[in-house]
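Beneath this line is the structure, given in structure tokens, with notes to follow.
The values are calculated or read from the model by the stated rules, or taken from the named source; none is laboratory data. Given the structure is predicted, the values throughout are model-derived calculations rather than measurements. Quick reminder, even Gly has a Cβ in these numbers, built from the backbone with ideal geometry, and neighbours come from all protein chains shown.
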Amino acid sequence: MTLIDTRRAGRRAFMAGSAAWAAAGWLCPGSVHAQSQNAGATAPTYQPYRGQSGKDVIWIPTPDVHVTRMLRLAQLTPQDHLIDLGSGDGKIVIAAALEGAQALGIEYNPDLVTLSQRRARDAGAAERARFEKADIFESDFSRATVITMYLLPHLNLRLRPRILALKPGTRVVSHEFRMGRWRPDETSRIGHASVHLWLVPANVGGQWQLQFPQRAGPASVRLDVSRQYFQDFDAAVAFRDFETFVREPKVAGEQVRFDITDEDGHLRRFTGRVAGDTMTGSVYDLTGGGAVRAPFSARRVGAAPPIEGTGPAPEGEAESLGTE
Ligand SMILES: C[S@@+](CC[C@H](N)C(=O)[O-])C[C@H]1O[C@@H](n2cnc3c(N)ncnc32)[C@H](O)[C@@H]1O
């Protein structure tokens, strides 16, 4: 399949979603036609219609129940700065602002921007809900701590390299569509629709000098993270007489976790935080019941190789996994 096919497949899936809503009485074809006559009108009479064309994707609003779940999955707080990529009528941005967060909608359609600004004022959220008329592919969204989107699979993939370059721990929530081989950290299903959460992973690649206490005394060993693929990684720890490969490796935002059996035969779980070239946290003796905890630290030696998958997505990635 070509990229064009991918777009068609994604659009079909999106339209299938809107058809389901239509069947459920959410979309009235008669009113669509009537409203489409008004599509170019200016505020305050402007009324968008579901399925109207947009620059790269049509407008369909995320239902309220999904908006709420998206904000819950992101664990939105008033300290957050949320950016909705393709913000439509502004409902996600306004909901976030009403929860106390700073929120920005980036929307290409100027009528939808004006409508969103009016809705934000009406909701008493204009101070924290802002809107910009811009193309998401030409906008800087690097200050976001939370990204929301309801786009299409191939658009999510186009954005993926820029999303993976955001600060580790940034939460990304997508209504319906996934990001290729970057597996979501959590998915919620509500009826027939899904919302997916990803945490931008810290880079844990390369060689680390790892220090932690064993029964025999402090250990200082080499941790070699040979491959990181999004939030997964392969790694080995080199002891004096043997090398052992880690189990249960996982990066969740700035948090890292892995288990190894140490020289004493104790299974130890490392859970820590990555900040640049340092890792600090706690190591639990699981063999001893897991209650005993001691600090560990690690320092990266040399450069951090790029996380695999952070470059442009290979052609065909979206359709090889289905349109989800
Ligand atoms: C499916 S709607 C989602 C609206 C809103 N985020 C929501 O979930 O309710 C997608 C929106 O993206 C906008 N859009 C499409 N291409 C865009 C682009 N390149 N830059 C900015 N907005 C875009 C469309 O106009 C539409 O309002």
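Laid out as a table, the results:
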| read-out | value |
| --- | --- |
| Residue check for THR310: surrounded by 14 or more Cβ atoms within 10 Å (Cβ to Cβ), more than 20 Å from GLN231 (Cβ to Cβ) and modelled with pLDDT under 95 | no |
| In the range 76-97, the residues that are within 11 Å of the ligand (Cβ to nearest atom) and of a type in the set (Ser, Thr, Tyr) | SER87 |
| Strands (runs of 3 or more DSSP E) fully within the range 216-290 counting 2 or more residues that are at pLDDT 95 or above and under 25 Å from the mean Cα position of the chain (by Cα) | 217-229, 232-238, 247-252, 255-261, 267-275, 278-285 |
